[in-house]
Amino acid sequence: MSPTPAQSRRLRCPACGAEYEVAISRAACQCGSPLDLVSELQPLPPSLAGRPFGLARYAEAIALAPWALERAYLGAGMTPLLPMGQGAFVKCDFISPTGSFKDRGAAAVTAVALELGAVEVVVDSSGNAAAALAAHAVHAGLKATVVVPEGAPEAKLAQAQAYGAEIVSAPGPRERAAEVAKELSGRRGCYYAGHAFSPFFLEGTKSWAFEVFEQLGAVPGAVVMPVGNGSLLLGVFAGFAHLAATGAASRLPRLVAVQSEGCAPLAGRPALLTGHSLYTDGIAISKPVRMRAILDAIAATGGEVVVVSDAEVKDARLSLASSGLWVEPTAAAAWAGLPHLSDGQGPVVVNLGGAGFKRP
Ligand SMILES: [Zn+2]
């Protein structure tokens, strides 16, 4: 019998090559780098008819135990894919239990916390990841602690608090919140679930690729998404790479990362403003910890980085709303990026990853 994904997985450092067992206390490499997950996965069957929605639908291709995925399931995934004309589609990830695509990753990190016997998860986040993790943790019977950097939007914190998360504030630069969260995760039974660091978060966002492949019946020509820490882009890349490696697909979609004029490190531009003052707060990340991997994934697919202005994002948000789609500014940035594509070969799928109520 072949080992289950949970038995065959290990953690590996992309910076220094060190390897580790998956363990409750292993948040990052000793050298400080985030860790990658190495696992033996199986092809997905040709038909998934009759399977449940959510991550368990793709059990062969996600390195988490099905029982844990089922316990952490709160309704994330299988979001609508709507045609918008001229070969463009929007993937409506803002229709998700807590209103953002982060629910996919939160379901996955909650599942691994359950597998490891954790009683608490801790995360550093100023927004959607905090709400997503808090909801999934409480649903699965775990305590959630959220470490919040200075200037985090109040509406988003109120959401995490409503689910019952304990809020710990960490004044100082954004990086300080991650340090405090990692320190707290040294507590007994506590798992660090930061979406920029945990490779299991990317196991969750892989589901985006599998769903689009199912819904479209093909690999899209391009995928357009806002990128901050890259926790969607890297999962989408891993998902399509899995489909190609197992023979289900013959190519990869071009990955198009959209960033804001105010903060576009992927385009080699320094941040102009402090993070929390930016209109597109969800992608105001001046130093993504997995920047090398993000740039490599874009290059491997022949993709590109597109930079948009706040004025373009505002127009895109209004334009989407006039089609009945109300999303937050960060999500609208992806739609604003669409006209900038250097190669419009379709179909093109644009992710709308956060609901309008997040930033009324
Ligand atoms: Zn290392």
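Bear in mind that the values in this text are calculations on the coordinates, not laboratory data. All figures in this text were calculated on a predicted structure; none of them were measured in a lab. Here Cβ is always computed from backbone atoms with ideal geometry, including for glycine, and neighbour counts include all displayed protein chains.
Would you pull out the residues with amide H under 5 Å of Val258's amide H, same chain only if 5 or more places away, H placed 1.01 Å from N?
Here the answer is Met225, Val227, Val306, since their amide H atoms fall under 5 Å of that of Val258.
Please tell me the relative contact order of the chain in percent, rounded to the nearest whole number, where contacts are Cα pairs under 8 Å and at least six residues apart.
17
If neighbour count is taken as other Cβ atoms inside 10 Å, put Asp310, Asp343 in order from fewest to most.
Ordered from fewest to most neighbouring Cβ atoms within 10 Å, Asp310, Asp343 come out as Asp343, Asp310.
Return the long-range amide H neighbours of Met84 (sequence gap of 5 or more, or a different chain), with a cut-off of under 5 Å between placed amide H atoms.
Phe89, Val90
What whole-number value in cubic angstrom gives the convex hull volume per residue for the C-alpha atoms of the chain? Could you put the intermediate results ahead of the total?
Numbers: hull volume 45.6 nm³, N = 360.
In the chain, the Cα hull volume divided by residue count equals 127 Å³.
How high is the relative contact order of region 102-192, in percent, counting Cα pairs under 8 Å that sit 6 or more residues apart?
RCO, region 102-192: 32 percent.
How much of the pair distance distribution for region 166-322 lies past 29 Å, counting alpha-carbon pairs only, in percent?
26
Nothing charged except the Cβ atoms of Lys and Arg (+1) and of Asp and Glu (-1): what's the magnitude of the dipole of the chain about its Cα centre? Round to the nearest 20 debye.
Taking the Cα centre of the chain as origin, the dipole is about 240 debye.
Between Gly164, Gly172, Gly346, which gets the highest mean-square fluctuation from a Gaussian network model of the chain, Cα cutoff 10 Å?
Fluctuation is largest for Gly172.
Once you place label points 7 Å from the Cα toward the Cβ at Trp67 and Ser342, how far apart are they in nm?
The answer from the label model is 5.1 nm.
Remind me, relative contact order of region 164-245 in percent, using alpha carbon pairs under 8 angstrom and six or more residues apart?
About 28 percent, as a whole number.
If you take the charge dipole of the chain about its Cα centre, with +1 on Lys and Arg Cβ and -1 on Asp and Glu Cβ, which of Pro46, Ser126, Val212 is farthest toward its positive end?
Pro46
Would you mind classifying region 102-192 by shape? Square roots of the alpha carbon gyration tensor eigenvalues, ordered a ≥ b ≥ c; an a/c under 1.5 is rounded, otherwise it is prolate if a/b is larger than b/c and oblate if not.
It is oblate, given that a/c is not under 1.5 and a/b is not larger than b/c.
Just for the chain, what percent of DSSP beta bridges are antiparallel, to the closest 5?
Of all bridge pairs located within the chain, approximately 30 percent are antiparallel.
In the Gaussian network model of the chain, springs joining C-alpha atoms below 10 Å, which of Ile283, Ile167, Ile62 carries the largest mean-square fluctuation?
Of Ile283, Ile167, Ile62, the most mobile in the Gaussian network model is Ile167.
List the residues whose amide H sits under 5 Å from the amide H of Glu120, counting only those 5 or more places along or on another chain, with H placed 1.01 Å from N in the peptide plane.
Residues meeting the criterion, in which the H sits 1.01 Å from N, are Lys143, Tyr191.
If a/c stays under 1.5 just call it rounded; otherwise compare a/b with b/c (prolate if a/b is bigger, oblate if not). Do that for region 233-330, with a ≥ b ≥ c from the square roots of the Cα gyration tensor eigenvalues. Walk me through the numbers before you get to the answer.
Details: a/c = 2.60, a/b = 1.44, b/c = 1.81.
It is oblate, given that a/c is not under 1.5 and a/b is not larger than b/c.
I'd like to know which of Leu11, Val147, Gly75 lies farthest towards the positive end of the charge dipole of the chain, counting +1 on Cβ of Lys and Arg and -1 on Cβ of Asp and Glu.
Final value for the positive-end residue is Leu11.
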